[in-house]
Structures are given as C-alpha cells and as structure tokens.
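These notes are about the structure you will find just below.
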Amino acid sequence: MIIEVMDDRLTSAPAPALAGLEADLAFCHPAIRSVVAVGGGRIAVRAEADEAEAESVRQGIRRVAELSIASYRFVPDSEPLWTRSAGGASDISHLASFRDRALVKLGPGQYALTGAAATLRSSIDARFQRLALACGAEPWHLPSIESTGHLLPRVGYLASHGQHVTWGVHLTPRFESLRRFASDARERAAIEPTDDHEVQAAGFILEPVVCHNVYRALAGSRLAETRLVTALGNCYRFEGCRFAPLLRQWEFSMREAVIVGEPEALREVRQRILDATLTVCEELDLGGRLEIATDPFFVSEAGSARAFQAMQSTKLELRLDLGDGAATAAASFNLHGTHFTGPMDIRGPDGRLLETACVGWGIERWMAAVVARRGPEPSAWRGLPPP
Amino acid sequence: MNIRDEIRRLITQLSATSAPFDDGEDLFTRGVLRSMNLMELVDQLEDRFHIQVGHRDFVAGRLSSVNAIAALVGVSP
C-alpha cells in the first residue's frame, strides 16, 4: 500500500534537506519497502502494512520528517565548488543493462561482479591506488572488522551512525550449546541462532569505513612527520529499504587515503589528492560537481553534528553524473580536527594532538558513473589502467 | 547575574569537562564544548536571549567563544 503524509515544512525545505529526509525515511519503520516521493509538501512511501500498522508508519514519518528537516537548519543549499560537464550525456539506463549482464544478486545489497565488472572494479581501484601512492601514501591492508570496545564508543560513532552498522555474533563455545545448534541445523534446517541457542556478541562490527582501523593502529603514537596511508577495504553499511546495485550496497569497496599530521599539512595533502581526483574525472570524461556535504548521521542525533560539519565545511563530496538528473557521491574529502586523535592519543613530537583527514573513493559508484557515461560495453571504457 | 555570566553558566552546564575557560577561547577547539552540544547551545541561547541564530552566525564564528556569543546577543565588549 502507498502511505502518504502531508507536511508543509517540505515546501520550503532546501534540496539537501529533501535528499537527507529521503535517506532518513529508510530507517523510519520496518514496514517501509521504498520511498516513492519526498517534496511538494508530500511524503509517500510504499509499505507492507495493515491499516493499524499504517498509522504507526505515518506517526514515524511525521517524527522523522520533523527531526530530519530540523537537522538541516544550518546547512545552506550552497553553490558547487567545482563543476564539470562531460563531452557526452550519461544515461542511467546503461546501469540496468550492465547489472543484467555482469552482476548477480546474492541477497539484499550483495552482488557478485562477474567478468568485465570485476575487471572494471580492479581498474578503477588501481587508478586511485596509483593516485594515492603518487601523493606519497604508504600501502596498508586492514581487517574488515572493527572492535566495538576501542575507538567506536570514544568518538560516539554508534550513536551517530548506528542505523548503518552490522554487528557480529557467534555461538558460545560450549559443547552442549554447539551440539544443540548443530542438531537443529541438520534436522530442522536452522539457518541462524535463535533464543533456543546460546550466542554472544563477537565484540566487533563489520567495518563501515576504512580509516577507523588506521587510527586504532596508530593509537598512542608520537609522529614526527605527516603520515599518509592508503588501503582498499570491504565496507559494510545497512541501508534499510534503499539497497541498489553499485550505488548503495551492504558490502562495497572503498579505497581511502588517510592523513595524520599538523592541520596545515593535512589541508595541503587533502587539496593535492582532491585536485588529482578531479583530474581523473577529466581522464574518464565524467561530469559532476564538488559540494559541501554532511555525513549520514542518525536522524535523532544529527542536528548538532550536521550543523557543525556544515559550519566548518569539513566534508566535501564529489557527485558524479548518472544521467536524467541523477548523481552519485563517488568521493569525499574530510577533515576531522582532533575527533580521532584525541581519543586515540595520537600526538606530534611536542606532545600536541595532531589532526586527521581522509579521502574515500567509492569504487562501485565510480563504476556506475563510468558505465552510465560510456555504456555497458567494456570496449568503451578507455582511459583506465589495466588492473 | 549579568548576561556574560549567564552565557558562561549555560556553557558550563553543557560542557562535559570541568576545565576552566577564558572568555576569548574557542570553546570547540579547546574541547569545552563538543560538536554534539551545538544545537543545544543554539536552543538555549535562542530561548534565553530571544534571538534567532542564523547560518551566517555559524560561519562567522559568532558561537565560538563567550566573547563572540556575548556580541551576538548584544552585549558591548
């Protein structure tokens, strides 16, 4: 059924607030299957619900809309900092034909990349790895899991981004418990532990970003020079009803460049990487724009964090054209101040806290932009290095 | 209690630290307030002093210190 809520605040809300509300609605109510419309004073969602539950959905939408729009109060609908028009139009319909021929859906937000898709992914990552190494980065490999008891609580991540997090659990290592689960799996086709089984939290989450484990690895360090690290990571973000191949996957590939140092050095390195990333847009003839942006904070916690981020312009986002007015945030350039170095006690030789910055390239989103611009045929993807 | 004292009291209530701070110090850089305190600070300033905080006040740093906030609410330096 379609559930509609009228809200006058939507008529005057700026574009970032409407886009943010659409994202926030994915975490409003488990009955919501998709967001149909946000704007013109109206919110419409498709939901699987009876009339009684529909009222609960409406109440949730009203509450989320109120908080979400309020969180954008101090986020201006500002002009892009950089724009580029491609030599030809992007066509979003190319994504569907590429998905049909080269991707296999394995579950919500989970896709196998076959043949040319896997090659394109490797080629794009190789390009950004080369970019980072040319800027002086040292290559790292990091785990795809992050302990829940270290950095996360100290920086408030689970409060501000808990909606995206996937936690790990495992069976308690007790023979009788394990034998009961084995028996249920064999005889009753149990596919996951239930209340009848003994489980415990694994003490980690599936990594939603690459950089956290870099700060954890550097905890307690005294760094004499700016440190620049690059790593490709498998990252995991639950997206509610908004999963989409290449654009919003539960598991996706992100290469990051992580910088730790004095504020001036950080800004210089971030700018160098930003300029080099814009050069990649030229190489691939991709259209897009660079904007001041904010993180996808959980809606009830978002007000202060979003205002502070927008106020300081600490997050810049490169949005690449997909055609038909659609775009995808394919790279972000972030300054964190002492947000991570304080809790992780990372200091310079004089004992003062250093600062951090990171750049993230969403590899599948770059794939989407290349395919939308060039089409699904691999022969058209010129400009990329071999993987 | 004068307005400057009232501003200091609001900030002390919001702060997670008991460290002293000067009127000219940047409250966020100094760690007296965290980014998560920002909207609560805005709400309290708007309620208490009947002002409307705008985006330009953020960008111009008019919430960054006791002195800046005092100027925002109309106290002469």
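Any idea which of A:SER313, A:SER300, A:SER304 is farther than 25 Å from A:LEU158 by Cβ and of a type in the set (S, T, N, Q)?
Of the residues listed, the single one that is farther than 25 Å from A:LEU158 by Cβ and of a type in the set (S, T, N, Q) is A:SER313.
Of the conditions (1) surrounded by fewer than 18 Cβ atoms within 10 Å (Cβ to Cβ); (2) farther than 25 Å from A:ALA331 by Cα; (3) within 23 Å of the chain's Cα centre (by Cα), A:ILE32 clears all except one; give me its number.
Looking at each condition in turn, A:ILE32 falls short on (1).
Hey, among the residues in the stretch B:1-25 that are under 24 Å from A:SER160 (Cα atoms) and assigned to a loop (DSSP other than H, G, I, E, B), which one's farthest from the other protein chains (Cβ to nearest Cβ)?
B:SER15
Out of the residues in the stretch B:26-38 that are assigned to a helix (DSSP H, G or I) and hydrophobic (A, V, I, L, M, F, W, C), state the one that is surrounded by the fewest Cβ atoms within 10 Å (Cβ to Cβ).
Top of the filtered list is B:MET36.
Hand me the list of helices (runs of 4 or more DSSP H) wholly inside the stretch A:293-387 holding 3 or more residues that are among the small types (Gly, Ala, Ser).
Fully inside the stretch A:293-387 and qualifying: A:302-312, A:363-374.
Being among the small types (Gly, Ala, Ser) and within 23 Å of the chain's Cα centre (by Cα) is true for just one of A:ALA265, A:ALA217, A:ALA201. Which residue is that?
Only one candidate qualifies: A:ALA217.
Report yes if A:ALA224 is in contact (Cβ under 8 Å) with a residue 40 or more places away in the chain, small (Gly, Ala, Ser) and touching a Leu at 6+ places or on another chain (Cβ under 9 Å), otherwise no.
no
In the stretch A:1-16, what residues are modelled with pLDDT under 90 and surrounded by 15 or more Cβ atoms within 10 Å (Cβ to Cβ)?
Residues satisfying the conditions are A:ASP7, A:LEU10, A:ALA13, A:PRO14, A:PRO16.
Report yes if some residue within the stretch A:133-146 is free of Cβ contacts under 8 Å to residues at least 60 places away in the same chain, in contact with a strand residue (DSSP E or B) (Cβ under 8 Å, 6 or more places away or on another chain) and within 21 Å of A:PRO108 (Cβ to Cβ); otherwise report no.
no
What residue, among those in the stretch B:39-64 that are crowded, with 19+ Cβ neighbours inside 10 Å and either modelled with pLDDT under 85 or touching a Lys or Arg at 6+ places or on another chain (Cβ under 6 Å) (or both), is nearest to the other protein chains (Cβ to nearest Cβ)?
Checking each candidate, the answer is B:PHE58.
Which of (1) touching a Phe, Trp or Tyr at 6+ places or on another chain (Cβ under 9 Å); (2) over 27 Å from A:SER78 (Cβ atoms); (3) more than 14 Å from every other protein chain (Cβ to nearest Cβ) does B:ARG30 not meet, given it meets every other one?
Result: B:ARG30 passes all but (3).
Is there a residue in the stretch A:120-142 that is within 14 Å of chain B (Cβ to nearest Cβ) and within 19 Å of the chain's Cα centre (by Cα)?
no
With the structure loaded, tell me whether A:PRO80 is under 24 Å from A:LEU247 (Cα atoms) and either in contact (Cβ under 8 Å) with a residue 60 or more places away in the chain or basic (Lys, Arg) (or both) or whether it fails that test.
yes
Applying the selection to the stretch A:32-62, what residues are assigned to a helix (DSSP H, G or I) and without any contact (Cβ under 8 Å) to a residue 24 or more places away in the chain?
Residues satisfying the conditions are A:GLU51, A:ALA52, A:GLU53, A:GLU55, A:GLN59.
Hey, B:LEU27 hits all of (1) modelled with pLDDT under 90; (2) farther than 18 Å from A:ALA307 by Cα; (3) not β-branched (Val, Ile, Thr) but one; which does it fall short on?
Only one criterion in (1) modelled with pLDDT under 90; (2) farther than 18 Å from A:ALA307 by Cα; (3) not β-branched (Val, Ile, Thr) is unmet by B:LEU27, namely (2).
Does A:PHE308 fit the bill of being under 16 Å from the mean Cα position of the chain (by Cα) and not β-branched (Val, Ile, Thr)?
Considered against the rule, which asks whether it is under 16 Å from the mean Cα position of the chain (by Cα) and not β-branched (Val, Ile, Thr), A:PHE308 comes out as no.
Checking A:ILE69 against (1) away from every other protein chain (no Cβ under 14 Å); (2) in a helix (DSSP H, G or I), which test does it fail?
That leaves (1) as the condition not met.
Give just the number: which of (1) more than 14 Å from chain B (Cβ to nearest Cβ); (2) under 24 Å from the mean Cα position of the chain (by Cα); (3) surrounded by fewer than 20 Cβ atoms within 10 Å (Cβ to Cβ) does A:ALA357 not satisfy?
The single condition A:ALA357 does not satisfy is (3).
Give the residues of the stretch A:282-321 that are within 12 Å of chain B (Cβ to nearest Cβ) and without any contact (Cβ under 8 Å) to a residue 40 or more places away in the chain, sorted by residue number.
Once the filter is applied, which keeps residues that are within 12 Å of chain B (Cβ to nearest Cβ) and without any contact (Cβ under 8 Å) to a residue 40 or more places away in the chain, the stretch A:282-321 yields A:SER304, A:PHE308, A:GLN309, A:GLN312, A:SER313, A:THR314.
Residues A:ASP275, A:ASP324: which one is away from chain B (no Cβ under 14 Å) and touching a residue at least 12 places away in the same chain (Cβ under 8 Å)?
Testing whether each residue is away from chain B (no Cβ under 14 Å) and touching a residue at least 12 places away in the same chain (Cβ under 8 Å) leaves just A:ASP324.
Select from the stretch A:124-140 the residues that are assigned to a strand (DSSP E or B) and of a type in the set (D, E, K, R) and list them in ascending order.
Result: A:GLU138, single match.
Okay, residues lined up against (1) outside the structural domain of A:VAL359 (by TED's automatic domain parsing); (2) within 16 Å of A:TRP361 (Cα to Cα); (3) buried (at least 17 other Cβ atoms within 10 Å of the Cβ); (4) at pLDDT 90 or above:
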residue	(1), (2), (3), (4)
A:VAL269	no, yes, yes, yes
A:ILE273	no, yes, yes, yes
A:GLU291	no, yes, yes, yes
A:PHE297	no, no, yes, no
A:SER300	no, no, no, no
A:ALA307	no, no, yes, no
A:THR314	no, no, yes, no
A:ARG319	no, yes, yes, yes
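The values are calculated or read from the model by the stated rules, or taken from the named source; none is laboratory data. Predicted, not measured: the structure shown is a model, and the values here were computed from it. Glycine also receives a Cβ, built like all others from the backbone with ideal geometry; neighbour counts cover every protein chain displayed.
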